[in-house]
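Note sheet for the following structure.
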Amino acid sequence: MDERPGRLASLAAALADKGGNILGLSVQPDTDGTVDEFVAEIPAGPEAVREALEAAGGRRVRVVPATAHELTDEPTRVLLLASRLRTAPWRLPELLKELLRTDDARWVYGSDMSDLPDPTLLTVPVAPRRAIRLRRAELPFTLTEAARAASFVRLAQPPADPAGSAERVVKLADGTETQVRPLTRLYREALRDLHDRCSPETRRFRYFTSMPALPDRVFDRLCDRTRGHSLVAGSDGQVIALANLMFTPDPGIAEMAFLVEDRWQGRGLGTALARMILTEARDLGFAEVRATLLSDNARMRRLLLSLGATLGYTEDPGVVEARLAIGVMAAASPS
């Protein structure tokens with residue numbers, strides 16, 4: 001259904017009108033709205049329920065009989081699957097099949113890993129040339145399920161090196177090397193210098209106003225890792241770019257934004273930072289990352305489209321919203 005205030009209430013009311021008792025509810029973000037999955041005890045027939053939900057704003061409504069899986073406590077079920085995976089990681093395909101309640105799960109390799117334009121198939125990368133393909137005939141997979149599958153796969157993989165404060169070197173197309181580190185409060189003055197060196201247009205593209213300096217309250221919020229993860233890129237002792245992944249109240253959705261000094265634009269730094277941000281979002285279990293940009297920000301538009309984003313206008317004709325599904329795409333990109 002469309003993401004609009006009151007839509008969920010209208011669906012619940014439609015079920016109640018048919019005598020339905022809601023036993024469970026899952027809301028999952030997807031590319032063109034949200035997928036709401038109800039488990040309900042309803043005396044009315046499936047066709048009557050489907051018509052009522054469509055009249056209340058539902059799209060592509062499916063009504064299927066519930067199985068015993070749907071009637072169990074979902075968090076407990078997932079935790080038990082995770083425990084089984086930790087003790088028997090070689091059973092990953094079987095456990096992924098249970099996690100997403102699919103009809104089939106099998107290994108695919110090399111060229112067979114390419115995505116297929118079929119919403120009932122989901123390919124989950126496990127290694128550079130190895131993946132698990134899931135098939136579910138009854139219901140298409142959602143972005144949230146793709147993110148859950150990618151996170152579940154990481155439980156079976158060796159733990160990454162603890163790189164919370166590690167430096168990563170990014171080599172740009174012209175051979176220049178930059179250093180990328182997590183943002184900390186030590187960079188307060190360096191970020192002020194970055195803002196001083198950026199042109200008013202670059203700052204306008206980032207903040208929608210030519211903000212001459214970064215306010216202390218905004219800087220402190222960007223450093224707060226309970227509210228998001230931010231990165232800084234440096235060269236020759238200067239901070240030359242800032243990348244932010246900010247958490248939102250919407251489950252499974254984060255926002256990203258970038259500020260790259262003018263003389264470093266167009267050299268691949270923004271793309272490298274964007275891929276790092278998407279990897280962070282993947283590791284944190286997000287299903288989607290969004291970015292808001294001014295409609296005349298052509299460089300940012302091209303960057304986001306190159307990453308597979310879909311663009312749509314907002315209520316403000318001068319503002320565009322980009323949406324990136326990261327559950328599968330980010331898992332396939334190098335960390």
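The values are calculated or read from the model by the stated rules, or taken from the named source; none is laboratory data. The structure presented is a predicted model; accordingly, all values stated were derived computationally and were not measured. Backbone-built Cβ (ideal geometry, glycine too); neighbour counts: all protein chains shown. Each accessible area value is taken on the protein alone, full model and side chains, heavy atoms only, with ligands, DNA and RNA left out. Shrake-Rupley method; radii C 1.70, N 1.55, O 1.52, S 1.80 Å.
Restricting attention to the range 303-325, which residues are over 18 Å from ARG204 (Cα atoms) and assigned to a strand (DSSP E or B)?
Matches in the range 303-325: THR310, LEU311, GLY312, TYR313, ARG323, LEU324, ALA325.
Which of (1) touching a residue at least 24 places away in the same chain (Cβ under 8 Å); (2) closer than 26 Å to ALA150 by Cβ; (3) touching a Ser or Thr at 6+ places or on another chain (Cβ under 9 Å); (4) hydrophobic (A, V, I, L, M, F, W, C) is the odd one out, the single condition LEU231 does not satisfy?
Going through (1) touching a residue at least 24 places away in the same chain (Cβ under 8 Å); (2) closer than 26 Å to ALA150 by Cβ; (3) touching a Ser or Thr at 6+ places or on another chain (Cβ under 9 Å); (4) hydrophobic (A, V, I, L, M, F, W, C) one by one, LEU231 breaks only (3).
So how many residues does the range 76-120 have that are hydrophobic (A, V, I, L, M, F, W, C) and under 14 Å from ARG136 (Cβ atoms)? Even if it seems obvious, please write down each step before you answer.
Within the range 76-120, the subset hydrophobic (A, V, I, L, M, F, W, C) is 78-82, 85, 88, 90, 92, 95-96, 99-100, 105, 107-108, 113, 116.
Then keep just the ones that are under 14 Å from ARG136 (Cβ atoms); that gives 96, 99-100, 105, 116.
Total meeting the criteria: 5.
List every residue pair whose Cβ atoms sit under 7 Å apart, with the two residues 6 or more apart in sequence or on different chains, where the first one lies in the range 173-196 and is closer than 15 Å to SER235 by Cα and the second, anywhere, is among the acidic types (Asp, Glu) and surrounded by 14 or more Cβ atoms within 10 Å (Cβ to Cβ).
LEU194/GLU261
Take the residues in the range 88-147 that are polar (S, T, N, Q), more than 19 Å from GLY285 (Cα to Cα) and at pLDDT 85 or above, then tell me which one is least open to solvent (accessible area, probe 1.4 Å).
Step one: filter the range 88-147 for residues polar (S, T, N, Q), giving 102, 111, 114, 120, 123, 142, 144.
Add one more test, that the residue is more than 19 Å from GLY285 (Cα to Cα), and what stays is 102, 111, 114, 120.
Checking which are at pLDDT 85 or above leaves us with 102, 120.
Working: THR102: 14, THR120: 33 Å².
Among those residues, the one meeting the criterion is THR102.
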